[in-house]
Amino acid sequence: MRFINRSQYFPPEGLNAGGIVAYFCMEIAASPEMPTYSGGLGVLAGDTLRAAADMGLPVAAVTLAHRKGYFRQHLDAHGIQTEGPQPWSPESLLVGEDPVVTVTIEGRPVSVRAWRYELEGVAGHRNPIYFLDTDLEQNDPRDRGLTDYLYGGDADYRLRQEAILGIGGARMLRALEYEPSVYHMNEGHASLLTIPVLEQELRGAGLQTATERDVEAVRQKCVFTTHTPVPAGHDRFSGEQAYRILGAERAGMLERFGCFHDGLLNMTYVALRFSRFVNGVAMQHGKVSRQMFPEYTIDAITNGVHAGTWTAPSVQEVFDKHLPRWRQDNVTLRYAIDIPENEIVEAHAAAKKELFAWIRSTTGIELRPEVFTIGFARRAATYKRADFLFTDPQRLMRCAESQGGMQILYAGKAHPADEPGKAKIRRVIELAGEMRESALKIVYLENYEWKMGALLTGGVDLWLNTPRRPYEASGTSGMKAALNGVPSLSILDGWWIEGWIEGVTGWAIDDHDDEQGEARSLYEHLEQTILPLFYKDQGQWRRIMRSTIALNGSFFNTQRMLEQYVINAYFPEQRVAKEPVAAREPNLEGTLAH
Ligand SMILES: *Cc1c(COP(=O)(O)O)cnc(C)c1O
């Protein structure tokens with residue numbers, strides 16, 4: 001174990017001029033062999049950090065170790081989900097750091113250590129991710145498991161975890177000799193980091209002495225991204241819990257500065273109150289968030305995905321050949337419009353073959369490569385409506401029979417406590433069983449995770465998304481599909497409002513107030529437009545694949561997204577010219593303008 005000085009990571013100049021960004025998130029998908037994420041939030045965090053490493057932007061990230069992972073999903077023949085732990089060992093994959101910091105939780109001192117994972121960007125820049133861990137001998141047995149389960153346990157457990165992440169994380173960064181100039185709270189789980197940042201402002205004076213000016217000093221360092229478009233999705237804790245677990249000094253300070261609403265400690269209000277920049281994760285989500293929190297200014301920065309991570313190897317080869325700098329400069333994917341269509345089609349056929357070979361080897365199920373294949377994979381949260389495609393199963397069946405067949409691949413875990421979500425999975429699996437011998441083949445793949453996500457988004461022909469509006473803050477799996485030339489058919493919510501060009505990047509399910517109307521639009525698109533194009537007009541289908549990459553792959557990536565964070569959230573003041581404008585005026589002598 002070595003002590004790593006931050007200067008080993010970050011060169012003294014360049015993008016480092018603005019200082020270091022500390023990026024906090026409850027879940028980070030750092031690497032496929034570490035089950036430290038549950039879904040879109042963690043994948044987005046990992047993709048953001050991968051983009052930062054590519055760009056040479058100095059970011060130090062903090063999350064929890066989650067030694068028992070999220071969970072391993074098992075589905076029986078009836079579609080009943082059971083969960084098992086996914087233990088992994090930081091000891092064998094990460095580097096242990098020396099410092100140990102202490103956070104007092106429920107009156108007990110809890111020791112916290114950190115494990116370091118290194119992300120390396122395309123040009124060799126390295127950024128660290130610190131995984132916090134309370135599994136230390138000196139800790140009370142009740143506290144040793146605090147960093148074990150992602151989104152496990154009860155509300156007490158969650159608040160204790162948030163104290164470890166926010167308070168322990170900010171203290172850990174200081175113990176590792178970082179002086180972040182920006183703290184980014186990616187979702188409200190991390191908002192307790194504002195407490196140690198405030199304590200630092202107070203230089204030893206108690207939190208009860210904090211004034212509005214001290215809060216303002218904290219705000220100048222903090223930015224906050226909200227990901228949840230419904231009030232119930234925001235973490236809240238009772239006053240009793242807050243005072244008992246965080247202690248009277250901290251809880252009292254939060255209450256005094258307006259972070260309690262309806263008597264509850266609301267983590268979103270903590271982050272809103274202490275941040276100078278707040279954003280939602282798509283244009284529409286920004287609007288919804290402003291309606292939810294009208295007293296705050298809320299921007300929007302639309303999510304993206306990491307292009308190098310989510311492009312199938314066969315498609316990567318085509319990009320490498322035609323757009324050699326696409327990994328450094330994702331905007332060049334715009335020029336995919338000039339790639340010969342047959343090369344994209346062949347690369348996609350290879351990705352489809354790889355997906356089907358993987359399905360055969362893991363499930364024994366044989367799929368047919370010439371048959372139109374739809375993908376639907378995401379957390380089985382009820383608002384995502386996994387069974388929406390089956391609103392009228394007979395119509396779907398007739399559609400498949402009359403047009404040349406259809407294969408539908410499903411995947412997704414329901415949170416262990418989410419009974420309605422589990423019921424959606426059961427329904428899809430029941431229907432899959434009923435249609436076994438028809439032109440419509442449905443497969444529900446067990447234990448959705450990173451590798452499967454990459455295979456699915458690269459290998460299917462159409463990506464389907466049917467959330468209930470306006471619950472999808474952004475959604476990102478359709479962006480992964482787009483990078484691979486796979487168009488979307490989706491409800492107009494989240495990112496799709498921005499990514500949709502009818503018949504060019506995919507198709508929109510018309511807005512209707514009732515599910516029946518939405519379902520009719522879905523079937524009409526499949527019957528009248530999408531299946532006929534796929535089976536009878538390959539020329540047009542190829543052009544759609546290519547324009548999907550050029551228009552949406554070039555924009556909905558984390559490189560563009562992170563550039564927007566740098567310009568608008570992290571270092572807006574650096575956009576102001578520091579030299580007199582005159583000194584920067586170009587010499588026009590000898591040019592046409594002269
Ligand atoms: C991309 C991804 C998600 C997020 O998908 P959404 O469309 O944003 O819901 C969830 N889980 C895994 C494994 C992923 O790869």
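Descriptive notes on the structure:
- One residue stands out in segment 441-461 among those that are aliphatic (A, V, I, L, M) and under 15 Å from residue 353 (Cα atoms): the one that is farthest from the ligand (Cβ to nearest atom), namely 460.
- Some residue of segment 65-81 being over 20 Å from residue 176 (Cβ atoms) and among the aromatic types (Phe, Trp, Tyr): yes
- Filtered residue count, segment 462-478, keeping only those that are within 8 Å of the ligand (Cβ to nearest atom) and outside any loop (DSSP other than H, G, I, E, B): 3
- Filtered residue count, segment 360-389, keeping only those that are under 17 Å from residue 75 (Cα atoms), assigned to a helix (DSSP H, G or I) and away from the ligand (no atom under 16 Å from the Cβ): 1
- Condition broken by residue 507, with the remaining ones in (1) within 14 Å of the ligand (Cβ to nearest atom); (2) in contact with a strand residue (DSSP E or B) (Cβ under 8 Å, 6 or more places away or on another chain); (3) not β-branched (Val, Ile, Thr) satisfied: (1)
- Answer residue from segment 413-427, given it is surrounded by 22 or more Cβ atoms within 10 Å (Cβ to Cβ) and closer than 24 Å to residue 364 by Cβ and is farthest from the ligand (Cβ to nearest atom) among those: 425
- Residue tally, condition polar (S, T, N, Q), surrounded by fewer than 22 Cβ atoms within 10 Å (Cβ to Cβ) and farther than 18 Å from residue 413 by Cα, over segment 347-389: 1
- Residue list for segment 266-290, filter: surrounded by fewer than 17 Cβ atoms within 10 Å (Cβ to Cβ) and either under 22 Å from residue 253 (Cβ atoms) or modelled with pLDDT under 95 (or both): 276
- Per-region count, segment 282-292, residues touching a strand residue (DSSP E or B) at 6+ places or on another chain (Cβ under 8 Å) and within 15 Å of residue 233 (Cα to Cα): 3
- Residue among 97, 83, 91 that alone is touching a Phe, Trp or Tyr at 6+ places or on another chain (Cβ under 9 Å), without any contact (Cβ under 8 Å) to a residue 60 or more places away in the chain and acidic (Asp, Glu): 91
- Residues that are in contact with a Pro (Cβ under 9 Å, 6 or more places away or on another chain) and within 16 Å of the ligand (Cβ to nearest atom), drawn from segment 40-82: 66, 69, 70, 71, 72, 81
- Filtered by the rule that a residue be under 14 Å from residue 391 (Cβ atoms) and outside any helix (DSSP H, G or I), segment 513-544 gives a lone residue, 514.
- If you filter segment 305-331 down to residues that are of a type in the set (S, T, N, Q) and within 16 Å of the ligand (Cβ to nearest atom), you find that the one that is farthest from the chain's Cα centre (by Cα) is 311.
- Whichever residue in segment 497-512 is outside any loop (DSSP other than H, G, I, E, B) and among the small types (Gly, Ala, Ser) and, among such residues, is surrounded by the fewest Cβ atoms within 10 Å (Cβ to Cβ): 508
- You will find that of 494, 485, the residue that is within 12 Å of the ligand (Cβ to nearest atom), in a loop (DSSP other than H, G, I, E, B) and in contact with a Ser or Thr (Cβ under 9 Å, 6 or more places away or on another chain) is 494 and no other.
- The residue list 176, 159, 119, 202 contains one member that is touching a helix residue (DSSP H, G or I) at 6+ places or on another chain (Cβ under 8 Å) and within 16 Å of residue 26 (Cβ to Cβ), which is 159.
- Against the test of being under 22 Å from residue 553 (Cα atoms), at pLDDT 95 or above and not acidic (Asp, Glu), the options 357, 336 yield a single qualifying residue, 336.
- Evaluation of residue 207 against (1) in the same structural domain as residue 102 (by TED's automatic domain parsing); (2) out of contact with any Lys or Arg (no Cβ under 7 Å at 6 or more places or on another chain); (3) surrounded by fewer than 22 Cβ atoms within 10 Å (Cβ to Cβ) (one fails), failing number: (2)
- Some residue of segment 204-220 being at pLDDT 95 or above and closer than 30 Å to residue 493 by Cα: no
- Cβ separations smaller than 6 Å between residues 6+ apart or across chains give the following pairs from segment 407-418 residues that are touching a residue at least 40 places away in the same chain (Cβ under 8 Å) to residues that are in a loop (DSSP other than H, G, I, E, B) and within 16 Å of the ligand (Cβ to nearest atom): 411/448; 413/448; 414/380.
- Search result, residues across segment 97-114 that are in a strand (DSSP E or B), surrounded by fewer than 20 Cβ atoms within 10 Å (Cβ to Cβ) and either not hydroxyl-bearing (Ser, Thr, Tyr) or not assigned by TED's automatic domain parsing to the domain that holds residue 193 (or both): 108, 109
- Subset of segment 269-304 (residues that are within 16 Å of the ligand (Cβ to nearest atom) and either in a loop (DSSP other than H, G, I, E, B) or in the same structural domain as residue 560 (by TED's automatic domain parsing) (or both)): 281, 282, 301, 302, 303, 304
The values are calculated or read from the model by the stated rules, or taken from the named source; none is laboratory data. Remember, it's a predicted structure, so these values are computed and weren't measured experimentally. Positions of Cβ are generated from backbone atoms using ideal geometry, with glycine treated the same way; all protein chains shown enter the neighbour counts.
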